[in-house]
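K.L.:
What follows is a structure written as structure tokens; I'll ask about it next.
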Amino acid sequence: MALDAKAERLTQPEVAGGARRSNTQQAILLLSRVWSWVFLVMLLVYFSAAGTGFFSLRNSQNILVASVPIILMGLGQTFVIISGGIDLSVGWVMGLASVVSALIMRDVIPDQPVEVQVPLAFVAGLGVAGLAGLINGLITAKLHVPPFIVTLGVSFVARGAAWVLAEGNVVAGQPPQLRSLGNESLFYVVRGDEGGFYFNLGALRGISDEVCTVLNGHLCRPELSGAALRGLDRVFTWPVVITFVVLLVLAFVLRRTQFGRYTYAIGGNREAALRAGVPVDRHIIMLYILSAMTAGLAGVLHTARFSGGAADSGDALMFTAIAAVVMGGVSLFGGAGRVAGTLVGALILAVLETGLVMINVQTFYKYIVVGIIVVVAVLMDQARDLITGRAETVA
Amino acid sequence: MVKKLLLLAVAALLMVPVLPLSVGAQDDLPKIGFLPGVVDPFYQVMELGINQAAADLGIEVVTQYPDDWNVTLQTPLLDSFVARGDLDYIIIAPVDKEQMIAPLQAAVDAGIKIITVDTFLGDGDYVNGPVTFPLSYIGSDNLEGGRIAGEYLAEKLGGEGKVYVQNTNVGVSTTEQRGQGFIEAIEAHPGMELVGMDYNLDDANTATEQTAAVLQREPELAAIFGVNVFSAIGAGNAVNNAGLGGAVDVVAFDATQYAIEQLRAGTVSLVIAQKPFDMGYLAMEFALADWRGVTSLPLRVPTGYAVITADNVDDPEIARFIYQVP
């Protein structure tokens, strides 16, 4: 407990003088905390007013779905960056996990029932990702090679392995139920004759038809076909549900557990953390495993959503995910940041993507906006450090 | 302080996207979304065809380009097209014949009709194949395109010699078939030998490296077939760098300006031009025809090729097939 308290103190590098900050300094501090939220709200308001169909249930769900790989690649990354590291391997680790999970279902256990195939495939995908993370962590922590180099190297190994295993192709031929897992949802909203709000418990029909009559039948959505499908909105698709459960758990872990306090402590001052008794090496290894595994989860969810394993599934969005983490206020100097920030960063990116389509502007503009806010985020970070005096303790 | 605030203000201003001009559409006409595979001259010419048809038919069309050939980039654009709620048809070049099935099925469920151009879903057979929901597949017969390249080289080389293929990705429907058609044509000539087929993942630099290595490995290489824009550019580059321009025949798929320059310079001896303008224009007409209740639209429309050599490149009837983006 005493040890925890020490680690806690290390994470609170507020320096004397905090009480006598000028109003401007107070304003900057406030701005640095809330600006990304404010920007997200501004975007939402702007696109809702200007865009065709932006403010709709379906689009809100599209934004969540589009943010899934960004959030997952950014989640473990958030921990790693707070600890003062970086993980450049997440993109191709995601691809490797996607390919491995797809190969398991298609080639390794093709004859098993789908209830066996899918969990085993997910475990294998996450496992191979975890292995990549273990290698990242071991070399970074024990051999003191800069994480930038280690994870870059592992990224290339994962990239090669993924293409080799997939034989350069997309690993298609997945069980049809997999597509439901990747695209169906927790809730349905149906407009039209049988309109209303439904839970997705249609599988219960297998047990008893009676179940579906409970709650006036709102536990199972009506069978729809043809034109009636137009009125169907899927709310919280399974990948979104899984992603947000993981997000909540990790937010809790970072803010409220010893694991989280160690992460801040190592990022704040590694030497001091070591002296305070934090098992630094072991913790760093676990952080890289965590980062690889959230990326691996993105990979297996890609396999489910697109019913195929693709080696390049994470490549296109990897730097976008790192940008989301930075936009969310996680300090690249280590020691500061929150999971909620990464969520906001990812949402800003997904909102820009869909919003620009709605107002008929090429989505290439997204990158210009993202580039500017990444730099603004770092400026904010530095301004905050200057005011709180944290800069001296880090530099 | 002032500086910082100024910086923020400028950043904020930059973030306000420019409002587009909206073109009013007539009520009894469909509204169409066009979603190509990636930004390149081929799809830009297709967009010219789309826009020409839009102007001729009085139809409103919105276009979005993914900046890379990847399902994780094309799918959010597609989903946003669906969420707009105002589109009746989507004309798309799916970037993967398997992975894009689920996202496009969702669009169909939402009441949008799909026409695939250039690339296809499933096996491209929308009657008996695994995917039957698209209205039509308008694009080159790529097996035929590969055969044209193979036959040309076999004839030019007198039925003897070593040949090599620069291909893009394994999973892409069109380029796979071009490679296959080429190999079929080569195998019909016992004197011809295929020394290899490499995949450059649609990157001209990688294509250059791979081709340069093969030129080293196979000093007697007689000809190279580049299956698309980037493959042909890369192969042509490598041949030029090795000082083998004219000695090693390069057949290029896609009539980009660069490929035509190489043809004039003698590095490339044949350019097989697809007809992306036709694909775009026809897809728009098909959409309107379906909107008007026409039910006998063909499910497969091969758009054919123009074969360009140094001899006919200045003939206006042929030169109009060069991919020219204003």
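Read the figures in this text as sums done on the coordinates, not as results from a lab. No experiment lies behind these values; they were computed from the predicted model shown. We place every Cβ from the backbone using ideal geometry, glycine too, and count neighbours over all the protein chains shown.
K.L.:
With +1 on each Lys and Arg Cβ and -1 on each Asp and Glu Cβ, and nothing else charged, work out how big the dipole of the stretch B:142-273 is about its Cα centre, in Debye to the nearest 20.
P.N.:
Working: 6 positive and 17 negative charges, 46 e Å.
Using only the charged Cβ atoms, the result is roughly 220 debye.
K.L.:
A further question on this structure: Taking only Cα atoms and a 10 Å spring cutoff, compute GNM fluctuations for chain B and point out the largest among B:V214, B:V45, B:V127.
P.N.:
B:V127
K.L.:
For chain A, give the magnitude of the charge dipole about the Cα centre (Cβ charges: +1 Lys/Arg, -1 Asp/Glu; no others), in debye to the nearest 20. Before the final figure, lay out the partial values.
P.N.:
Working: 26 positive and 23 negative charges, 227 e Å.
With only Lys, Arg, Asp and Glu charged at Cβ, the dipole is about 1080 debye.
K.L.:
Sort A:D381, B:D290 so that the residue with the fewest other Cβ atoms within 10 Å of its own Cβ comes first and the one with the most comes last. Numbers along the way, then the final one.
P.N.:
Numbers: A:D381 21, B:D290 18.
Neighbour counts put them in this order, fewest first: B:D290, A:D381.
K.L.:
Can you tell which of A:L297, A:L250, A:L232 shows the greatest fluctuation in a Gaussian network model of chain A with Cα springs below 10 Å?
P.N.:
Answer for the Gaussian network model of chain A: A:L232.
K.L.:
If you take the alpha carbon radius of gyration of the stretch B:149-215 and divide it by 2.2 N^0.38 Å, what ratio comes out, to two decimals?
P.N.:
Taking N as the residue count of the stretch B:149-215, the ratio is 1.13.
K.L.:
Right, next: Evaluate peptide B:101-109: per residue, the Cβ atoms of other protein chains within 10 Å of its Cβ; return the mean as an integer. Please report the intermediate quantities before stating the final value.
P.N.:
Working: counts 5, 10, 4, 0, 2, 6, 0, 1, 8.
Partner Cβ neighbours, averaged per residue: 4.
K.L.:
While we're on this one: Quick one: which residues, 5 or more positions from B:F225 or on another chain, have an amide H under 5 Å from its amide H? H modelled 1.01 Å from N in the peptide plane, none for Pro or chain starts.
P.N.:
Excluding prolines and chain starts, which carry no amide H, the hits are B:Y164, B:V165, B:Q166, B:V251.
K.L.:
Next question, about the same structure. Which residues' amide hydrogens lie under 5 Å from the amide hydrogen of B:E60, considering only partners 5 or more residues apart or on another chain, with H built in the peptide plane?
P.N.:
Amide H to amide H, under 5 Å and 5 or more residues apart or across chains, B:E60 pairs with B:I32.
K.L.:
Follow-up question, since we're still on this one. Which trypsin sites (Lys or Arg not before Pro) in the stretch B:211-320 pass both tests, a DSSP loop state and at most 16 other beta-carbon atoms within 10 Å?
P.N.:
Working: sites: B:R217, B:R264, B:R292, B:R300, B:R320; in loops: B:R292, B:R320.
Within the stretch B:211-320, the qualifying trypsin sites (Lys or Arg not before Pro) (loop, at most 16 other Cβ atoms within 10 Å) are B:R292, B:R320.
K.L.:
On to the next question. Pull up the cross-link candidates among the aspartates and glutamates for B:K31, meaning alpha carbon to alpha carbon under 17 Å and not fewer than 8 places away within one chain.
P.N.:
The qualifying aspartates and glutamates are B:E47, B:D56, B:E60, B:D79, B:D86, B:D88, B:E285, B:D290.
K.L.:
Now a separate question. Of A:A141, A:A228, A:A129, which has the largest mean-square fluctuation in a 10 Å C-alpha GNM of chain A?
P.N.:
A:A228
K.L.:
Under the rule of at least 5 residues apart or a separate chain, name every residue whose amide H is placed under 5 Å from the amide H of B:G161.
P.N.:
B:M192, B:E193
K.L.:
Would you kindly give the portion of the calculated P(r) for the stretch A:296-375 that falls above 23 Å, as a percent of all Cα pairs?
P.N.:
Values: 1001 of 3160 pairs.
Percentage above 23 Å: 32.
K.L.:
While we're here: How long are the three semi-axes of the equivalent ellipsoid for the protein assembly as shown, computed from the Cα gyration tensor as the root of 5 times each eigenvalue, in whole Å, largest first? Present the calculation step by step, with values, prior to reporting the outcome.
P.N.:
Details: eigenvalues 412, 208, 143 Å².
Rounded to whole Å, the semi-axes are 45, 32, 27.
K.L.:
Going highest first, how would you order B:54-67, B:220-233 by mean Cβ packing within 10 Å? Don't skip to the end; give the middle numbers.
P.N.:
Values: B:54-67: 18.4, B:220-233: 25.8.
With the highest mean Cβ count within 10 Å placed first, the list reads B:220-233, B:54-67.
K.L.:
With a point put 7 Å past each Cα toward its Cβ, work out how far A:V116 is from A:V241 in nm, to one decimal.
P.N.:
Inter-label distance under the simple model: 2.5 nm.
K.L.:
To continue, here is another question. Please state the shape class of the stretch A:236-395: rounded when a/c is under 1.5, otherwise prolate if a/b exceeds b/c and oblate if not, all from the C-alpha gyration tensor. The partial results should precede the final answer.
P.N.:
Details: a/c = 2.38, a/b = 1.34, b/c = 1.77.
Oblate.
K.L.:
What whole number of Å gives the distance from the Cα centroid of the stretch B:261-283 to the Cα centroid of the stretch B:90-142?
P.N.:
Cα centres, the stretch B:90-142 to the stretch B:261-283: 24 Å.
K.L.:
Rule-of-thumb check for chain B: C-alpha Rg over 2.2 N^0.38 Å?
P.N.:
Numbers: Rg = 21.7 Å, N = 326, 2.2 N^0.38 = 19.8 Å.
Relative to the 2.2 N^0.38 Å estimate, chain B comes out at 1.10.
K.L.:
Another one. Kindly point out which whole DSSP H helices in chain A project their C-alpha atoms 20 angstrom or further along the helix axis while averaging a Kyte-Doolittle hydropathy of 1.0 or above.
P.N.:
A:23-50, A:57-82, A:114-143, A:147-166, A:238-256, A:280-306, A:339-358, A:365-388
K.L.:
Does the stretch B:142-273 classify as rounded, prolate or oblate by the C-alpha gyration tensor (a ≥ b ≥ c root eigenvalues; a/c under 1.5 gives rounded; else a/b over b/c gives prolate, otherwise oblate)? It would help to have the intermediate numbers written out before the result.
P.N.:
Values: a/c = 1.26, a/b = 1.06, b/c = 1.19.
Rounded is the answer for the stretch B:142-273, as its axis ratio a/c remains below 1.5.
K.L.:
I would also like to ask the following. Counting partner chain Cβ atoms within 10 Å of every residue's Cβ in A:164-170, what's the average?
P.N.:
Values: counts 0, 0, 2, 2, 6, 7, 9.
So the per-residue partner count for this stretch is 4.
K.L.:
Taking θ as phi - 60°, what are the ³J(HN,Hα) couplings along the stretch B:265-270 by the Karplus curve (6.51, -1.76, 1.60), each to the nearest whole Hz, with x for Gly and Pro?
P.N.:
Along the stretch B:265-270, the couplings run 6, x, 6, 9, 9, 8 Hz.
K.L.:
Now for a separate question. Would you mind pulling out the separation of the Cα centroids of the stretch B:167-222 and the stretch A:221-248, in Å?
P.N.:
44
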